[in-house]
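Chemist: If you scroll down you'll find the structure; I have some questions about it.
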Amino acid sequence: MTAGNKVLVIAEHDHGSIRCATLNTVTAALLCGAEVHVLVAGHRAEPAASAAARITGVAKVLHADAPQLAEGLAENLAAQVVALAGPYGHLLFAATSAGKNVAPRVAALLDVAQISDMTHVVSPDTFERPIYAGNVIVAVQSSDPIKVLTVRTTAFDPAAPEGGSAQIECVAAVADSGLSSFVERIVAKSERPELGEAQIIVSGGRALGSSESFNTVLTPLADKLGAALGASRAAVDAGYAPNDWQVGQTGKIVAPQVYFACGISGAIQHLAGMKDSKIIVAINKDAEAPIFSVADYGLEADLFQAVPELIAAL
Ligand code: FAD
């Protein structure tokens with residue numbers, strides 16, 4: 001296979017619209033090569049394909065439509081990407097749960113290395129990525145003919161969702177791999193912004209002590225600010241907060257405009273997930289807590305007193 005300067009971004013979508021993570025991935029793609037294409041694989045996902053075509057900077061949308069692509073099963077999507085990979089020098093996925101489920105399969109099928117969690121494009125074959133929970137940044141040079149990358153979305157601004165007018169090309173869908181089948185999707189419904197896309201996040205740690213405290217102390221603050229709720233791993237492991245609220249090395253990587261860390265000590269694994277936030281506000285009763293070393297605003301106080309006072313003042 002020959003390398004090209006064409007880049008293929010694998011879109012995340014809900015059949016109707018394109019997820020924000022794909023916009024960040026398009027920005028990264030534009031730094032990798034001259035011509036950026038977007039793959040929209042789904043079933044009856046024409047609105048998503050049209051939305052992808054309007055993203056500024058996208059030259060072409062490949063639209064694969066088939067029932068076996070409806071639910072984003074990783075085996076089928078990986079096969080679809082591999083079937084189309086030939087002309088591309090780069091295949092880019094957002095480093096989300098969905099992207100991380102498919103990219104390794106694609107890399108393995110193409111027998112190339114995957115470069116994970118890319119944060120900076122040095123040149124079309126050299127990329128930076130964090131290791132050791134973000135304490136070291138390595139530059140990785142790849143000589144593979146096709147570079148398979150997952151993109152840390154918080155490291156790249158989103159491409160403008162409107163302004164483009166790319167051509168949409170229908171491509172043949174691959175057959176069902178038969179390796180997996182769709183059983184059920186249970187989607188947590190929430191009025192709140194999605195954690196990975198929120199402008200403001202209110203996060204709580206072990207200090208909250210119970211899920212009731214999350215509800216009674218942090219939820220009103222999040223409601224007042226229109227914020228998403230997050231949590232440390234200690235809070236999640238203790239059952240105070242659901243799994244998908246976890247921020248950090250083994251949770252979500254976030255970079256909102258404002259991040260409130262309430263009763264979170266600031267372990268490196270937590271910082272790895274939120275230290276790129278524009279403004280960090282920490283409330284902790286221990287003046288020595290490491291979270292204060294990254295905080296723009298630090299309040300040494302008991303959160304059970306400080307948070308209600310903050311809500312009253314807002
Ligand atoms: P603690 O460290 O116990 O801190 C609680 C803080 O609350 C303390 O600073 C205390 O002073 C303060 N406090 C107590 N009472 C009050 C009060 N009334 N008012 C105000 N402050 C109060 N952690 C993550 O968060 N995300 C991850 O993704 C993650 N991944 C990990 C991966 C690995 C491989 C490992 C080994 C660990 C990982 N961890 C992760 C765990 C991490 O090391 C810490 O254990 C965890 O972040 C601690 O959570 P915490 O700050 O809520 O709890």
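Chemist: Once the mean 1/r over all distinct Cα pairs of the stretch 3-171 is inverted, what Kirkwood radius in angstroms do you read off? Could you put the intermediate results ahead of the total?
Modeler: Values: mean 1/r = 0.0647 Å⁻¹.
That comes to 15.4 Å for the stretch 3-171.
Chemist: Determine the distance separating the Cα centre of the stretch 1-49 from the Cα centre of the stretch 266-314; give it in Å without decimals.
Modeler: If we compute the Cα centre of each part, the gap is 37 Å.
Chemist: Under 5 Å between amide hydrogens, which residues at least 5 positions from VAL61 or on another chain qualify, with H placed 1.01 Å from N in the peptide plane?
Modeler: Amide H neighbours of VAL61: VAL38, GLN167, ILE168, GLU169.
Chemist: Below 8 Å, C-alpha to C-alpha, sequence gap of six or more: please give me the relative contact order for the stretch 2-143 in percent.
Modeler: Details: 266 pairs, mean separation 33.4, N = 142.
Relative CO of the stretch 2-143 lands at 24 percent.
Chemist: Report the relative contact order of the chain, percent, no decimals, based on alpha-carbon pairs under 8 angstrom and at least 6 residues apart.
Modeler: Worked out over the chain, it gives 15 percent.
Chemist: What does the accessible area per residue of the chain come to in Å², with a 1.4 Å probe and no ligands, DNA or RNA counted?
Modeler: 46 Å²
Chemist: Another one. What helices does the chain hold that run 20 Å or longer along their axis, going by alpha-carbon atoms, with a Kyte-Doolittle average of -1.0 or more, using DSSP H for the helix calls?
Modeler: Helices passing the filter in the chain: 97-110.
Chemist: Mind pulling up the Rg/Rh value for the stretch 1-55? Radius of gyration and Kirkwood radius, both on Cα.
Modeler: My calculation puts Rg/Rh at 1.00.
Chemist: Just grab the label-to-label distance for ASN5 and ALA172, each label 7 Å out from Cα along the Cβ direction, in nm (one decimal).
Modeler: That separation, rounded to one decimal, is 3.1 nm.
Chemist: Can you tell me the alpha carbon radius of gyration of the chain divided by the globular rule-of-thumb value 2.2 N^0.38 Å? Numbers along the way, then the final one.
Modeler: Values: Rg = 20.8 Å, N = 314, 2.2 N^0.38 = 19.6 Å.
Normalised Cα radius of gyration, the chain: 1.06.
Chemist: Follow-up. Obtain the nm distance between the two label points defined at ALA108 and LYS278 by a simple spin-label model: each point lies 7 Å from its Cα along the Cα-to-C-beta direction.
Modeler: In this crude spin-label approximation the distance works out to 4.1 nm.
Chemist: Shifting gears a bit: What does the extension gain come out to for SER165 and ASP237, with contour length at 0.36 nm per residue minus their alpha carbon separation?
Modeler: Extra length from SER165 to ASP237 when fully extended: 21.3 nm.
Chemist: Could I ask something else about it? In straight Cα distance, which aspartates and glutamates are under 14 Å from LYS252, not counting same-chain residues fewer than 8 positions off?
Modeler: Answer for LYS252, where 14 Å is the Cα cut-off: ASP117, GLU194, GLU197, ASP244, ASP276, listed by chain and number.
Chemist: Rounded to the nearest percent, how much of the accessible area of the chain (1.4 Å probe, protein heavy atoms only) is carbon and sulfur? Walk me through the numbers before you get to the answer.
Modeler: Numbers: 7510 of 14570 Å².
Ligands and nucleic acids excluded, carbon and sulfur give 52 percent.
Chemist: Using a basic spin-label model with each label point 7 Å from the Cα along Cα→Cβ, how many nm lie between ILE137 and ASP14?
Modeler: 3.4 nm
Chemist: FRET efficiency for ALA34 and SER181, Cβ-Cβ distance as r, R0 = 41 Å, nearest 0.05?
Modeler: Here the calculated transfer efficiency is 0.55.
Chemist: Would you compute, for the Cα atoms of the stretch 145-295, the largest minus smallest coordinate along each principal axis and list the three values in descending order, in whole Å?
Modeler: 59, 35, 34
Chemist: Another question about this same structure. To the nearest 500 deg cm²/dmol, what mean residue ellipticity at 222 nm is calculated for the chain from DSSP H runs of n ≥ 4 alone, each contributing -39,500 (n - 2.57), summed and divided by the residues?
Modeler: -7000 deg cm²/dmol
Chemist: Could you work out the longest stretch of the chain that avoids the GluC sites (Glu not before Pro) located in DSSP loops with at most 13 other Cβ atoms within 10 Å?
Modeler: Numbers: sites that count: GLU162, GLU184, GLU191, GLU194, GLU288.
So the longest stretch without any such site is 1-161.
Chemist: How high is the relative contact order of the stretch 105-195? Use alpha-carbon pairs under 8 Å, at least six apart in sequence, and give a whole percent.
Modeler: Values: 78 pairs, mean separation 21.1, N = 91.
Result for the stretch 105-195 is 23 percent.
The values are calculated or read from the model by the stated rules, or taken from the named source; none is laboratory data. This is a predicted model, so every value here is computed, not measured. Cβ atoms come from the backbone with ideal geometry, glycine included; neighbour counts cover every protein chain shown. Surface areas here come from the heavy atoms of the whole protein model, side chains and all, with no ligands, DNA or RNA. Shrake-Rupley method; radii C 1.70, N 1.55, O 1.52, S 1.80 Å.
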